[in-house]
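Since the structure comes first, as structure tokens, the remarks are kept for the end.
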Amino acid sequence: MPHDTETEENSPSSPFNRTAQHDAKRTAILSQAAKLFNYKGSRATTLRDIAESLGLTKTSLYYYVKTKEELIYQCYMAALDHHHSALDDIEKKHERAVDRASRFYLQHFDDWLAAQEGRAPHTAVLLEIAGLKGHHREEVEARYIAMFKRLRGHIREGVADGSLRSCDPTSAVLAILGSLNWTFSWLHTVPRDQVHATAQEALSLIAKGLYAGTGEYSPLQLDDEESAALPLQGFNREEQNRLKQEAFYKTGTWFFNKKGFNGTSLDEIAEHLNVSKGAFYYHIKNKEDLLVNCYNRSLDITERLHEQAAQTPGSGLQRADLICRRTFHVQNSEIGPLIRYSSITALPMERRLKILQRTEAANARFGEFLREGIADGSVRPVNIFIAQNLIAGAINAAMQINLWRKVDSIDAAATDYFDIFFNGLLPRKSP
């Protein structure tokens, strides 16, 4: 019986199917690039690194991608295509909005574990969208916004049908995605056989904050003027040089957040501040040093907020809430911004680890307020490590809220943004 040669060659598993083989190689390249970008950052990762890790020559790699910018773009589009495909599948299998949102949340942890175990490609964490240029950035942002709107639609449906609490869906989705994006910095510390349990614990915090049950968290009264005054304490320096450096770090933070490390120019910062390049470079040696100082400034403010919260009367949950809302105010007012950790991978490993160690210490300090809350009954028993890292991710993503929703009061917007976390921490009857 004659073989159907054309059918065999067109089979995806056939070694003669050139299209399938090309796609498989491209997937392998994007997976390895995503893995290295997530760990080392795009600045420290070269095309040669990627080629050598795959046993390829740079010439072979150039057949698939010409520049690192193009590779980052392809990695991000592949990640977003994956997220949209996951949503397609979830929407086919689940009818209820709450189930769809829950499944998407858990899918993030499943994908991470599958990549670590070699069962699926690595997916790029969308850390450096701001560093992309022209149509690359426009296409990635458009695809991201489309994903955001799909998730927001599920939250809106849940609120409308009564399965979820009344909340601001835009703020809820921003907080949820922020908590997920931050997992790249801590999930690797969790033993692999505990990742599924960690995912369920993380989902429990979000789900309990969203479900339409009894009981609701009532935040302490905090007006915008009080929020604005607090972070300035400890930065009222008399030395002229220190005040200049403060302006450099604040403006540098704004540029790094908006344009990414690669897209930020020191000359542009000097021009923005209306100072001569000579005066600017007297204080700032290079872009890497500026970025480190921007991180240290943000951590100085964060640590000061923790000290103030410790001195404020209230329960453990209320103190943790005050830290979040006051940090939110700094990020979204003239006092800020604080640095976004999307630029952390631009630092060499030694300097990055110092920043992350200080950050982890601040997160642990925040965790102490949650531990106090468990002791005084204001917080239900939770895994402190998971809760503090989920909230840290949301805090990192909380700036420029006005780009996503109308803001009449910064504190009201902060209350909306952290609503799911503090209602999730509150002892409430299970759904």
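The values are calculated or read from the model by the stated rules, or taken from the named source; none is laboratory data. This is a predicted model, so every value here is computed, not measured. Note that each Cβ is placed from the backbone with ideal geometry, even for glycine, and that neighbours are counted across all protein chains shown.
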Restricting to the range 290-304, name every residue that is over 21 Å from the mean Cα position of the chain (by Cα) and either loosely packed, with under 13 Cβ neighbours inside 10 Å or closer than 13 Å to V330 by Cβ (or both). R304
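Take the conditions closer than 27 Å to I344 by Cβ, among the acidic types (D, E) and either assigned to a helix (DSSP H, G or I) or without any contact (Cβ under 8 Å) to a residue 60 or more places away in the chain (or both) and apply them to E157. Does it pass?
no
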In the range 371-389, is there at least one residue being without any contact (Cβ under 8 Å) to a residue 40 or more places away in the chain and among the acidic types (D, E)? no
So, in the range 372-418, exactly how many residues are touching a Ser or Thr at 6+ places or on another chain (Cβ under 7 Å), over 28 Å from Y295 (Cβ atoms) and of a type in the set (D, E, K, R)? 1
Evaluation of N363 against (1) assigned to a helix (DSSP H, G or I); (2) in contact (Cβ under 8 Å) with a residue 60 or more places away in the chain; (3) closer than 27 Å to N332 by Cβ (one fails), failing number: (2)
Which of the numbered conditions does T327 fail, given that it passes all the others? Conditions: (1) closer than 24 Å to F385 by Cβ; (2) crowded, with 21+ Cβ neighbours inside 10 Å; (3) without any contact (Cβ under 8 Å) to a residue 40 or more places away in the chain. (3)
Qualifying position, being of a type outside the set (A, V, I, L, M, F, W, C), surrounded by 14 or more Cβ atoms within 10 Å (Cβ to Cβ), outside the structural domain of A97 (by TED's automatic domain parsing) and at pLDDT 90 or above, among G178, G153: G178
Just to check your reading of the model, which residue among F280, F248 is in contact with an Asp or Glu (Cβ under 9 Å, 6 or more places away or on another chain), buried (at least 18 other Cβ atoms within 10 Å of the Cβ), among the hydrophobic types (A, V, I, L, M, F, W, C) and in contact (Cβ under 8 Å) with a residue 24 or more places away in the chain? F280
Is it the case, given these coordinates, that A28 is outside the structural domain of M349 (by TED's automatic domain parsing), modelled with pLDDT under 90 and surrounded by fewer than 19 Cβ atoms within 10 Å (Cβ to Cβ)? no
In this structure, is L71 in contact with a Phe, Trp or Tyr (Cβ under 9 Å, 6 or more places away or on another chain) and assigned by TED's automatic domain parsing to the domain that holds H136? yes
Whether any residue in the range 306-325 is in a helix (DSSP H, G or I), at pLDDT 90 or above, under 18 Å from the mean Cα position of the chain (by Cα) and closer than 27 Å to Q245 by Cβ is what I want to check. no
